[in-house]
Amino acid sequence: MQEQALVIALVGVLGIGAQWLAWRTGWPAIVLMLAAGFLAGPGAEFAFGSSLFDPEHAFGDLLEPMVAIGVALILFEGGLSLNYKELRHAGDGVLRLVILGVPIGWFLGAMSAHHIALLDWPVAVLFGGILVVTGPTVVMPLLRQSSVQPRPAAILKWEAIVNDPIGALCAVIAFEYFRKLTEIPDATLMQVVPPMIIGAIIAGLIGYAAARAIAWAFPRGAVPEYLKVPVLLATVIAVFVLSNQIEHEAGLVAVTVMGIALANMNVSSLRSIHPFKQNIAVILVSGIFILLSASLDIAELKPLNWYIVAFLFALLFFVRPATILLSLAFSTVPWNERLFLAWIAPRGIVLVAISGLFALRLTELGYADGSILIGLSFAVVVATIMAHGFTVDLVARWLKIKGDTRPGLLIVGSTPWSIQLAEHMHSLKTPVMVVDSSWQRLAPARKKGLPFYHGEILNEATEHNLDLAPYQSLVAVTDNEAYNALVCNEFAHEIGRDSVYQLGASAHEDDKKAIPPSLRGRALFESGFGVADVGERQQNGWIFRKTTLSDEFSFEDAQAKMPADAHMLLLIRASGTMRFFTHAARPEPRSGDTIVTFSPPKTEMAQTDSPSKTQPSLAPKPQTP
């Protein structure tokens, strides 16, 4: 028990530590997690003669079901992020990659595995089926860390989640067929495939029925609030295990269908558990990657040779590109997006987990090459993650499908003050979006050509019509302080508690008549100006100004030039990153920063541009639901 507790602690430290390091450095998180697990396992064994921990020794027979249930929960969480509305632009591409891409990828992968990696036909066919997966555990972190336009991002996300269970079923079909051949040498595919398809359909129906039951029970109060998350997790595990009893690996189909169905049933009760399920997914992804990479045996890497290296090159530069280009031929997907999709196909947990499962079964059937699948699957994962993880930004930029990489500002509430702020930030080349539910209040934004979104920011439909990925910070500045606090509290989980702001000073914890700081955004300005304060000053002619710091013009010099009444709002780094001055935080200005101040009229400031109202606008198209 003590050894198991130690392993769990080490896995947590390594996995979450790798995720944190990825956040700090901008490196792909999957690469760092694989490296951490490998160094703790086979790396330490090679260098010191003993690994830091051995997952198989610590957990024994429990390791396989632990990984299987973890993968099921990850696929369910991924399914919850899929909304049919995303298919308005990506549906044709996704459908082709499922219907055409799977058989094409299976065929090309099997041919390459046999003729290039020199695997036996049964092993090559089975591994080719597994290779059709890409995996949300690697695609989703890549999409989070890079800024790719919505359509190719949606296609990659849908392909990763939908093809994961399909790839598992392809492997099951291949294995069952070759197992049948060992019993009945003249067995045909018709004796194997139809029962598999029926089992998958039944599993999908089980998943859909479970989603309908949850969608019926949660809104009607049949489950208390504190039990909703436990009930949901228990249901997912039960559906997975039950479906696997019907057909091997059919549980992956069931939980994926359950997640997608729930995501599109508009169950309001699920909004409150989204942050929790995201946290669970991060923990599971981190833990499983560390466990699998640490359990790799050095002996399993010895069969890897130059044939395997050639196979990896074929997988990267022939199998995936040919699969995408053939599947999307004569489609509406533009050529630059096709080329991007043809390159990006990282593999992850499902590939390793399924390969490890069937490696043992193939060996039992007498196929000697079955034992090589574990090392080969890790080689594929490392090669694709390294190749795609470090080049996704470069390729997206080269193919001109890169989204706006400069951090943006989301302004909730169209008021004279917020319009002036948006106009000034727009002049500084910071992406801005003004959001308001009133078309009339948005009139000034429309007139000035500022980007705007007409709709209720708290409406669930907004999540599917307004892409929040480009926005680093949110500022809620409507006339209603309670509403501003509600907006900040709602989006704190997605944007970050330290990146949501509102006007008005934060009350003391002991003030029972005020909104507690834990439920509101951070207060803009060190003085904590409220809506009435900034409105009154604006009527008196106050405007936004900028001051750029340099080696010759320091922050102290800028302060000396500022009038006593001026208030610093934020600074913008050379990279575009914004840091706000609040009552609780004061960023440290440095050379190259631009400081934005709210200042009284008729003040002289060094290196200061004219008021933002003289800046031109780009007149972008409005966004409406």
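Structure notes:
- The chain - share of DSSP beta bridges that are antiparallel (%, nearest 5): 45
- Distance between modelled label sites at residue 205 and residue 553, nm, 7 Å Cα→Cβ extension: 7.3
- Average accessible surface area per residue within the chain, 1.4 Å rolling probe, Å²: 45
- Residue 212-residue 278 pseudo-label distance in nm [points 7 Å out on the Cα-to-Cβ vector]: 3.1
- Residue-level accessible surface for residue 170, protein heavy atoms, 1.4 Å, Å²: 10
- Ranking 548, 182, 478 by solvent-accessible area of protein heavy atoms (1.4 Å probe, all protein chains present), from largest to smallest, gives 182, 548, 478.
- Rolling a 1.4 Å probe over the protein heavy atoms leaves residue 575 with an accessible area of roughly 80 Å².
- FRET efficiency, residue 191 to residue 458 (Cβ-Cβ, R0 60 Å, nearest 0.05): 0.60
- Accessible-area ranking of 454, 426, largest first, probe 1.4 Å: 454, 426
- Sparsely packed loop sites in the range 408-452 (the trypsin sites (Lys or Arg not before Pro) outside DSSP H, G, I, E and B with at most 14 other Cβ atoms within 10 Å) comprise 429.
- Span-like helix criteria (full DSSP H runs; alpha carbon extent of at least 15 Å along the helix axis; mean Kyte-Doolittle hydropathy of at least 0.0) are satisfied in the chain by 2-25, 63-80, 87-99, 101-115, 150-183, 193-217, 228-246, 250-263, 274-294, 349-364, 372-389, 481-495.
- When the helices of the chain are scored as -39500 (n - 2.57) per DSSP H run of n ≥ 4 and the total is divided over every residue, the value at 222 nm lands at -17500 deg cm²/dmol.
- Distance in nm between pseudo-label sites at residue 61 and residue 386 (7 Å out along the Cβ direction from Cα): 3.8
- Share of carbon and sulfur in the accessible heavy-atom surface of the chain [1.4 Å probe, %]: 61
- Gain in span if fully extended, residue 47 to residue 310, counting 0.36 nm per residue against the direct Cα distance: 91.9 nm
- If you sort 177, 307 by accessible surface, 1.4 Å probe, largest first, the order is 307, 177.
- By a 1.4 Å probe calculation restricted to protein chains, residue 265 has an accessible surface near 40 Å², given to the nearest 10.
The values are calculated or read from the model by the stated rules, or taken from the named source; none is laboratory data. Keep in mind that this is a model prediction, so the values were computed, not measured. Note that we place each Cβ from the backbone using ideal geometry, even for glycine, and neighbour counts take in every protein chain shown. Just so you know, the surface numbers come from the protein's heavy atoms only, side chains and all, with ligands and any DNA or RNA stripped out. Shrake-Rupley method; radii C 1.70, N 1.55, O 1.52, S 1.80 Å.
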